[in-house]
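These notes concern the structure reproduced below.
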Amino acid sequence: MREGAERLSAADIDGARIDARLLLAEAINKDTSYLFGYPEKEVSSENWVSFQEMISRRIAREPVSRIVGCREFWSLNFNISPETLDPRPDSETLISATLELLEDKTQPLKILDLGTGSGCLLLALLSELPNATGLGVDINQAATEVAALNADNLSLGHRAQFQIGNWCEGLSNEWDIIISNPPYIGQHEKSELEPEVLDYDPPSALFADDKGMKDYRTLIPQAAMILRVGGLLVVEAGKGQSDEINSVMTDAKLVCKAAIKDLGGVKRACVASKVSEQIV
Ligand SMILES: C[S@@+](CC[C@H](N)C(=O)[O-])C[C@H]1O[C@@H](n2cnc3c(N)ncnc32)[C@H](O)[C@@H]1O
């Protein structure tokens with residue numbers, strides 16, 4: 001573990017010790033706690049080679065989650081693939097914001113997740129709302145397949161469906177909660193991204209035209225049409241985008257309820273409700 005951490009530190013990788021620990025645990029196919037519990041165990045030569053290969057991939061700036069093929073989100077384990085975004089801790093703000101606004105968590109709510117990726121938002125909500133059901137939509141078929149696998153692994157497959165789609169096209173008017181983390185990075189911000197993001201997250205999950213606003217402008221009015229009266233729209237915002245998103249929501253005749261900050265102080269979750277069946 002020390003040798004792996006030294007190789008990572010020498011390559012200026014942040015969090016070298018943590019990454020080395022996670023990768024060694026993966027190489028020997030055990031939990032990280034095993035490394036502390038059995039320090040006297042020797043690593044087989046086969047596992048040693050595999051560990052060194054993983055360290056080399058990390059030095060090439062591949063994220064640990066991509067190397068091991070999964071990521072924890074809302075304390076649940078999600079498989080990821082090259083076609084899915086690596087779920088971010090900041091997105092958990094959308095889950096806590098939604099749950100906080102629901103007075104009765106036992107209702108048979110219908111939840112729509114637009115741009116579902118690994119399915120992390122929908123499945124995290126379903127894990128907290130025992131009688132809710134949901135649909136995750138993504139333009140990328142391979143992503144919907146990963147999301148469906150995650151639903152089965154989390155024993156939520158009976159309450160979650162996934163399908164290919166272009167935002168709300170073809171969907172009917174029945175949703176209590178619509179949640180979305182759309183692509184929102186402007187093309188002009190590309191040069192500021194770390195290689196872990198730029199080289200490993202799918203570009204179609206990251207970038208949107210119109211300084212990152214294009215997909216909000218498309219999906220928010222569509223979502224307003226198919227939300228039921230009294231329903232909630234919860235949308236992830238990039239840094240500095242919440243005011244513009246709120247005005248798109250207001251234009252769509254939704255009532256903005258909150259812009260909830262993430263742990264870094266960024267207004268991350270824009271929440272609006274539909275108060276009447278107005279023509280939008
Ligand atoms: C930022 S990722 C979010 C993934 C996941 N919800 C999460 O929070 O980790 C955006 C997702 O939107 C999908 N997407 C992009 N354009 C879309 C469209 N027109 N219709 C549906 N999904 C789209 C991408 O394939 C990607 O999975």
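The values are calculated or read from the model by the stated rules, or taken from the named source; none is laboratory data. Bear in mind the structure is a predicted one, so any value in this text is a computation, not a measurement. Cβ sites come from the backbone with ideal geometry, for glycine too, and all protein chains shown count toward neighbours. Keep in mind that these areas ignore ligands, DNA and RNA; they rest on the heavy atoms of the full protein, side chains included. Shrake-Rupley method; radii C 1.70, N 1.55, O 1.52, S 1.80 Å.
Data overview
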{"read-out": "Flag if Ile164 is surrounded by fewer than 15 Cβ atoms within 10 Å (Cβ to Cβ), within 16 Å of the ligand (Cβ to nearest atom) and of a type in the set (Val, Ile, Thr)", "value": "yes"}
{"read-out": "Test: residue in the stretch 163-172 that is assigned to a loop (DSSP other than H, G, I, E, B), modelled with pLDDT under 95 and among the acidic types (Asp, Glu)", "value": "no"}
{"read-out": "So Leu126, is it surrounded by 21 or more Cβ atoms within 10 Å (Cβ to Cβ) and in contact with a Gly (Cβ under 7 Å, 6 or more places away or on another chain)", "value": "yes"}
{"read-out": "Every residue from the stretch 98-122 that is more than 10 Å from the ligand (Cβ to nearest atom) and open to solvent by less than 10 Å² (accessible area, probe 1.4 Å)", "value": "Thr98, Leu109, Ile111, Leu112"}
{"read-out": "Test: Gly4 is under 20 Å from Glu196 (Cα atoms) and touching a Phe, Trp or Tyr at 6+ places or on another chain (Cβ under 9 Å)", "value": "yes"}
{"read-out": "Residues located in the stretch 76-90, provided they are farther than 13 Å from Asn150 by Cβ and more than 9 Å from the ligand (Cβ to nearest atom)", "value": "Pro82, Pro89, Asp90"}
{"read-out": "Unique match (being within 10 Å of the ligand (Cβ to nearest atom) and within 18 Å of Leu85 (Cβ to Cβ)) among Val146, Val197", "value": "Val146"}
{"read-out": "Single unsatisfied condition, Glu145 versus (1) open to solvent by 60 Å² or more (accessible area, probe 1.4 Å); (2) in contact with a Ser or Thr (Cβ under 6 Å, 6 or more places away or on another chain)", "value": "(2)"}
{"read-out": "Helices (runs of 4 or more DSSP H) (entirely within the stretch 187-280) containing at least 3 residues that are closer than 19 Å to Gly115 by Cβ, open to solvent by 20 Å² or more (accessible area, probe 1.4 Å) and touching a residue at least 40 places away in the same chain (Cβ under 8 Å)", "value": "214-226"}
{"read-out": "Helices (runs of 4 or more DSSP H) completely within the stretch 32-108 that count 1 or more residues being over 26 Å from the mean Cα position of the chain (by Cα)", "value": "32-37, 45-59"}
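Condition check ((1) touching a residue at least 40 places away in the same chain (Cβ under 8 Å); (2) open to solvent by less than 50 Å² (accessible area, probe 1.4 Å); (3) outside the structural domain of Thr84 (by TED's automatic domain parsing)) across all residues:
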| residue | (1), (2), (3) |
| --- | --- |
| Ile28 | no, yes, yes |
| Phe36 | no, no, yes |
| Lys41 | no, no, yes |
| Ser45 | no, no, yes |
| Phe51 | yes, yes, yes |
| Ile55 | yes, yes, yes |
